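The block underneath contains the structure these notes are about, expressed in structure tokens.
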Amino acid sequence: MVYITRGLAETLLRLGDDRDPESVTIRLSVMPASELDDTDLPPETPVFTHFYMPEAGGSVGAVFGIDLGTPAGQTQGLFVSHPVGELSVSERDDLAEVVFVAVPPWDDGSLAAFDRSGRRKDLEIVDAEPPEERVV
């Protein structure tokens, strides 16, 4: 089973819709369920909660070939949109531990999770929020 917060799922679907007819690839990270509000999941359960904008660090990456927008080793998943494709992992998709794929009409039924081999995983959208983050 793969878990994702409703807020993240809705955001990814909206970003896919906004980029249509172009595709978008976004790196995702998890947080243990124990850090979320209002969840009945076991405390150690990983829940996808955050994303890294694909443009972050883009100018440095274009010049030096280094992705400074995503902390190294801190993303466990990937979101890819397929505006004119199927709800499956394609040969052109980057792979990750978990790959979320979305297609039009960009609703809950058009979002699915896959393992790095392209096998579909059970997906549950969790109505929980990560803690508010603040810069100190």
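Values in this text are rule-based calculations from the coordinates and carry no lab data. Just so you know, these numbers come straight off a predicted model, no measurement behind them. In this analysis, Cβ positions are derived from the backbone assuming ideal geometry, glycine residues included, and neighbour counts consider all displayed protein chains.
Structure notes:
- If a spin label sat at a point 7 angstrom from the Cα of ASP20 along the line to its beta carbon, the backbone N atoms of the range 79-101 nearer than 20 Å would be those of 79-90, 100-101.
- In summary, the range 1-52 shows an alpha-carbon radius of gyration equal to 1.28 times the 2.2 N^0.38 Å reference for compact globular proteins.
- Inter-probe distance in nm under a simple model that places probes 7 Å from Cα toward Cβ, at GLN76 and GLU97: 0.4 nm
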